[in-house]
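*Asks:* Dropping a structure here in C-alpha cells format, bear with me for questions.
The values are calculated or read from the model by the stated rules, or taken from the named source; none is laboratory data. Predicted model only: the values in this text are computed from it and were never measured. Reconstructed Cβ throughout: ideal geometry from the backbone, glycine too, with neighbour counts over all protein chains shown. The accessibility values were calculated without ligands, DNA or RNA, using every heavy atom of the protein model including side chains. Shrake-Rupley method; radii C 1.70, N 1.55, O 1.52, S 1.80 Å.
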Amino acid sequence: PAAGFNGEKDEIYIPFFFISISYSQFLETGDTLPSNLGLPWCSNGPAFTDSLFFDDYNGSINSRGQYSVIWIMMFTSWCPYCDAEVWYTQPFYEEYQDSGLVVIGMGWDWGEPYNCEEWSDAYGLTYPLIDDTEDSDDGGTLFDLFSDGGVPHNVILNHNMEVIYSL
C-alpha cells in the first residue's frame, strides 16, 4: 500500500503525533506548562489523592491572599550536588511557605542510595516529593520538558503556570 494516511487506523496516530511534538520541546522562560500535567506523589503528599497535578496550582492563592509560586527542585538520589542543595530547600520552604511559596521535590533514578521515602526522611523534608521515574535516557518525563542537562535543576513557576526561571 501507498505511504500516508489511509483511513481510520491512521486517525488513531494523529493525536499521538501532536502530543509527541508538544512534549519534545523544552519549556523555557516565558513558556506555560501544558494542561493536565501531573506525577504521582512519593512522599509527603496529601492522603486524599495519589498524584500532583500542576493545574491544581493554576491561579491559586494562599491563606494570606497571595498568589502561589512553585519551586520545582529536580534531583536524583545519587547526585552529590543534589545532596548539597537539598539541605537548603527545607529551611527555605519553612521560611517562605506562608508567603505563597510551594516547594515540590521531583526525583528519579531511585535506589542509589535512597528511595523516595528514604530521601525525604534522611533530609527531614516536609514539602512534597513527586516521582518522575519513567523510561528516559537522561531523566524523568517532566525533567525532559525542562532540560537535557544535569541535576540538580530548578524551575520556578508563577501562579499562571508560566516558567519564570529554569536552570
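*Asks:* Considering only DSSP beta bridges where both residues belong to segment 47-139, give the percentage that are antiparallel (nearest 5). Before the final figure, lay out each step's value.
*Replies:* On the way: 1 of 12 bridges.
So the antiparallel bridges in segment 47-139 amount to around 10 percent.
*Asks:* OK, next. Computing the accessible area with a 1.4 Å probe over protein heavy atoms, can you report the carbon and sulfur percentage for segment 39-165? Write out the running numbers ahead of the final one.
*Replies:* Working: 3030 of 6240 Å².
Result for segment 39-165: 49 percent of the exposed heavy-atom area is carbon or sulfur.
*Asks:* Okay, next question. So, taking all protein chains as they sit and a 1.4 Å probe, how much accessible area belongs to Tyr93, in Å² rounded to tens?
*Replies:* That residue has around 40 Å² of solvent-accessible surface.
*Asks:* Once ligands and nucleic acids are excluded and a 1.4 Å probe is used, how much of Asp131 is accessible, expressed in Å² to the nearest 10?
*Replies:* 40 Å²
*Asks:* If you add up the charges near Glu28, with Lys and Arg at +1 and Asp and Glu at -1, over every other residue whose beta carbon is less than 14 angstrom from its beta carbon, what do you get?
*Replies:* Numbers: positive: none; negative: Asp31, Asp144, Asp148, Glu162.
Residues close to Glu28 contribute a combined charge of -4.
*Asks:* In Å and from the alpha-carbon atoms only, list the Rg and Dmax of segment 86-152.
*Replies:* Looking at segment 86-152, its Cα Rg and Dmax stand at 12.9, 37 Å.
*Asks:* Which order, highest average first, do 81-90, 152-161 follow once you tally other Cβ atoms within 10 Å for each residue and take the mean per peptide?
*Replies:* 152-161, 81-90
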